[in-house]
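So the structure is just underneath, and the comments pick up after that.
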Amino acid sequence: MKKIKGFVFSEKKLAGAIFGFLAITAFSLVFGPNIYAQFARQDNTTGWGNGYGYGYGYGYGFDGGTFAGYKTTGNPSTFGYGFGYGYVDAATSYSALNGYSVTPSSMATLVQGGVMVPNGSSITNTTAVSFTDKVTLNVASGVTISIPSGTTFTSGSSANFSNLAAANDVSTSGLSNVTVAGSALSFGMPNFDLTVSPAITITLNVGSGHDGQNLNIYRKDANGTWSNVGACTVSGTSCTFATTHLSSFVAGNTSSNGGGGGGGGTVAQACTSVVYGDFAANCFVGYQYRSIASRTPSNCSLTAAQIDAARRACTTEIIGGVPTTVVTGTTDNSGFLAAEKNLVKKINKALAKRLSGRILLQVQAQGQSWYVNPINGLKYYLGTADDAFLIMKKLALGVNNKTFATFKNGKAPARLAGRILLKVQDSGKAYYVNPIDLKMYYLGRPADAYSIMRKLGLGITNANLRQIGIGEVK
């Protein structure tokens, strides 16, 4: 009898649990469409189906079920990786490097996959679209558009964003006194001035014969006027630049004015000043790019140094499980260090002591590297590979060969944890003593040293990092 009662009671509890689950599910389906259900599959199995990717959880998409799938694992209100039900078009492929690769004709399928999401109820009537993952638009041979994850395209008024289009053979009518390299690219929608945040990266195929040259970038404004908006340094046949506006673009050089048999015209003067925009969030083929907001005079030609200032070397590394852009090619750290110093309000000596000798990676910024000096408890910004190598040398402790020979099994004594050791009697070879296991790592060339230091780095939040004072070497 007790067994029967227990069974009936458990059945009641089970029925209640099922009812509760159904109620929650119904609530999610009724009230969740605009909150959840933006799941983008990455497994390249075409059509609708179960697979893995990134997105939110339960619901039926932003328009009631026609577009976008839903995640079935993890927290439904948190955007992240998991399994779920979604769509992948046959013309779409996915890779960690390029994200979702599409052609202009298949770009609209990104909506159905939950990768391109309108801020309105329909892609045909919205003022903006956002990208939940990186997208590479392959327009033609050597012509690509790289759209970072989190990018938003915005229109001044409601528009049909399914009309987004790109073409690689458009007219340059109205562009005078410019020798064009390659074909002009158009990307956007007719009669709409679309802005982009953050910047997207465009690569043009300018043809052979321009490798290593500096070319100007010209953009067609909404009124049909072409303007010089930036520059690029050609690598092979590729000219890469960043932009925060969608329009028509072409690369080229200013040519001489004047007619009558090519008589002596004038060439645009060099720019006396240039104002740059922010660097793009993503690293593209080894560089971050930024657009040019303004220049003086307005029709001036950029110098080689001004062109170089529009980009900086970088890499993409996985830090804390997240792809992170790491700047490796800028040596002007004064502005960055000044800003970081102002953010250090209160020193936490206990934290600095606990992290003594560690390499810290600023994961909530761009993965910048810092070294906590065991001698004074201050952190030193490592910057580029050359910067890091120089700093390590200046903070190093000299060790003679006799003392170094007493270190057994490639380990240093505990008193040297976290120190940089310099073999003063052996060509100044440098070693980093990892404070975790006391193993000594040969730093070698600047690039080797930088790679080792980052490999041994510890991710740290901005809040904790800014409780450690900043030191500088002169």
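Quick note: the coordinates plus some simple rules give every number you see, no bench work behind them. Computed from a predicted model, the values in this text were never measured in an experiment. In this analysis, Cβ positions are derived from the backbone assuming ideal geometry, glycine residues included, and neighbour counts consider all displayed protein chains.
Exposure proxy check: Ser427, Ser369 ranked by fewest other beta carbons within 10 Å?
Ser427, Ser369
Where the convex hull is taken over the Cα atoms of region 334-465, what is its projected area averaged over directions, in nm²?
That works out to 7.9 nm², a quarter of the Cα hull's surface.
Order by neighbour count: Cys239, Cys232, Cys271, fewest other Cβ atoms within 10 Å first, most last.
The fewest-first ordering by Cβ neighbours comes to Cys271, Cys232, Cys239.
In debye, nearest 20: dipole of region 334-465 around its Cα centre with unit charges on the Cβ of K, R (+) and D, E (-)?
The dipole magnitude comes to about 480 debye.
By DSSP, what percent of the beta bridges with both residues in region 334-465 are antiparallel, rounded to the nearest 5?
Antiparallel: roughly 70 percent of the beta bridges in region 334-465.
Mind ordering 98-104, 397-403 by average Cβ neighbours within 10 Å, highest first?
98-104, 397-403
Using alpha-carbon positions, what is the distance between the centroids of region 380-415 and region 136-187, in Å?
Result: 51 Å between the Cα centres.
Arrange the following residues from fewest to most other Cβ atoms within 10 Å of their Cβ: Arg311, Arg354.
Arg354, Arg311
What FRET efficiency comes out for Thr154 versus Ser105 if R0 is 41 angstrom and r is the Cβ-Cβ distance? Round to the nearest 0.05.
It comes to 0.95.
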